[in-house]
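S.K.: First, the structure itself, so that you have it in front of you.
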Amino acid sequence: MELDQRIKHLLKHGNLRMTTVRKLVLKEFLEAGSIALSSYEIEKKFEDLDRITLYRTLKTFEECGIIHQAVDVSGRSKYAICSADCSNHNHEDHHAHFYCKKCERTVCLDDVKIPTLNLPTDFQLEDSQLVLSGVCGACQ
Ligand SMILES: [Zn+2]
Ligand SMILES: [Zn+2]
Ligand SMILES: [Zn+2]
């Protein structure tokens, strides 16, 4: 699918109106693929994009199941495009994220699933992150 088509499709999937900012930001995520981006990295690319608009856009995308959080080893939030199974307030990205010490990129490992853990019965799990680090394939 062409990039423009994918953007339209994703915004529709999230029930979101097309705006210039949404389009530009979404394009960055689609081009990054499985590589997670920080808001700072996106901000750097667009001179006139103010931080608050960007922050809101990321929040909206996250809520609508378009992007998900990928925390890196330092606990800094990054975001990456969601799997097709994600929807409004329901994320299905239960995979590990890999932080490369050389290129400092965080990558989604879609095929490495977070194992199910047996928590005490009175604990309710809401979110889990599995962060691995080392040297990625591109840096070997
Ligand atoms: Zn998701
Ligand atoms: Zn690397
Ligand atoms: Zn991911």
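S.K.: Given the options Asp72, Asp4, Asp50, name the one that is of a type in the set (D, E, K, R) and within 29 Å of Leu117 (Cα to Cα).
M.R.: On the way: Asp4 fails: within 29 Å of Leu117 (Cα to Cα); Asp50 fails: within 29 Å of Leu117 (Cα to Cα).
Going through Asp72, Asp4, Asp50 in turn, the sole match is Asp72.
S.K.: Restricting to region 53-78, count the residues that are within 16 Å of ligand 3 (Cβ to nearest atom), at pLDDT 95 or above and aliphatic (A, V, I, L, M).
M.R.: Adding up the residues that qualify gives 3.
S.K.: Can you pull out every residue in region 76-94 that is surrounded by fewer than 18 Cβ atoms within 10 Å (Cβ to Cβ) and in contact with an Asp or Glu (Cβ under 6 Å, 6 or more places away or on another chain)?
M.R.: Listed by number, the residues that qualify are Ser83, Asp85, Glu92.
S.K.: Continuing with the same structure: How about region 115-140: which of its residues are β-branched (Val, Ile, Thr) and more than 20 Å from the chain's Cα centre (by Cα)? It would help to see each step written out before you state the result.
M.R.: Of the residues in region 115-140, the ones β-branched (Val, Ile, Thr) are 116, 121, 131, 135.
Passing the criteria: Thr116, Thr121, Val135.
S.K.: So, Ile52, is that one loosely packed, with under 11 Cβ neighbours inside 10 Å, away from ligand 2 (no atom under 16 Å from the Cβ) and among the aliphatic types (A, V, I, L, M) or not?
M.R.: Details: loosely packed, with under 11 Cβ neighbours inside 10 Å: yes; away from ligand 2 (no atom under 16 Å from the Cβ): yes; among the aliphatic types (A, V, I, L, M): yes.
Yes.
S.K.: If you go through region 126-140 one residue at a time, how many are assigned to a loop (DSSP other than H, G, I, E, B) and either modelled with pLDDT of 95 or more or within 16 Å of ligand 1 (Cβ to nearest atom) (or both)?
M.R.: From region 126-140, those assigned to a loop (DSSP other than H, G, I, E, B) are 126-130, 135-136, 140; that's our starting set.
Next, from what is left, pick out any that are either modelled with pLDDT of 95 or more or within 16 Å of ligand 1 (Cβ to nearest atom) (or both): 126-130, 135-136.
Count: 7.
S.K.: Of the conditions (1) among the hydrophobic types (A, V, I, L, M, F, W, C); (2) assigned to a loop (DSSP other than H, G, I, E, B); (3) crowded, with 18+ Cβ neighbours inside 10 Å, Val73 fails just one. Which one is it?
M.R.: Status for Val73: all satisfied but (3).
S.K.: For region 96-111, what are the residues that are surrounded by fewer than 19 Cβ atoms within 10 Å (Cβ to Cβ) and near ligand 3 (Cβ under 10 Å from one of its atoms)?
M.R.: Ala96, Leu109, Asp110
S.K.: So, of the residues in region 57-112 that are under 17 Å from Lys23 (Cα atoms) and among the aliphatic types (A, V, I, L, M), which turns out to be nearest to ligand 2 (Cβ to nearest atom)?
M.R.: Ala80
The values are calculated or read from the model by the stated rules, or taken from the named source; none is laboratory data. Keep in mind that what you see is a predicted model, and the values were worked out from it rather than measured. Cβ sites come from the backbone with ideal geometry, for glycine too, and all protein chains shown count toward neighbours.
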